[in-house]
Amino acid sequence: MTGNPDSTSSAGPDSPAPWAAPIRLRALSASRPTAFDLRPPPETTRALARALGLTGLRRLSFRGTISALEGGGWHLRARLGATVEQPCRVSLVPVRTRIDEPVERRFLPDADREEHAAGSETEIPQDVDIEPLGNEIDPGLIMAEALALALPPFPRAEGAVLAMPASSPEDAGARERHPFAGLDMLRARLEAAPGPEEAPLPEAAREQTAQERGDTAAGPGTPPERQRHSRNNGHGGNARERRKGPGSGPSPAAGAGPRKRR
């Protein structure tokens, strides 16, 4: 960091992290930007790599300026650079990534932050984070936070392929047809399922059906001779009696021959 050497506190026992590098507000200039250039030593870099779950961290740098804002507050603009090494999520092979990103923060007093949250007329870019303003600004903590946000979430080595579970031919064919193939399969299963049993007919309906079929007295297993006898002694006989009417005599015997003339 450039500027007054006494304005920077090195990481000590009371520092929140080994990479902390706080700058007191009284050391900042309200008339001109205050420059800083952080290049942590190897022991600090290794500690930060362990904290972020990295297998390697090299060429870490964070440099920029802190300038005063009109009406109170401070504006930090910086550039983050680092080469990180992470294990591949598929093969665990080390994957190296170069990070080179801009970082911007605004530090506002509590009253100004509340006004901004309520909808102030002051235009602030949407990609600029608003931080509370205390007694100091720590570029070291901002560096570690920006590095954590810039890390690839799913590092993958070149040529690494995630093996997918094999699917059945039926599933593959269903996916190729159309996205509603699952509904077709469900419909086919419903059509193949046996239907509900038919409800039994009422007694009157069964008798009417039997009369129409002419087998009221004879069951389905009755021999043909008994079926004919049942029809003659049943409704068929009653019909002949009704046709004769009252007072009619008995019919001639079936075996009598023709009468002789006198």
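No value in this document is a laboratory result; all are computed from the given coordinates. Because the structure is predicted, anything quoted here is derived from the model rather than measured. Glycine gets a Cβ as well: all are built from the backbone with ideal geometry, and neighbour counts include every protein chain shown.
Considering only the other residues whose Cβ falls under 11 Å of the Cβ of R58, what net charge follows from Lys and Arg at +1 and Asp and Glu at -1? With Lys, Arg at +1 and Asp, Glu at -1, the neighbours total +3. From least to most packed, judged by other beta carbons within 10 angstrom and beginning with the fewest, F154, F62 follow the order F154, F62.
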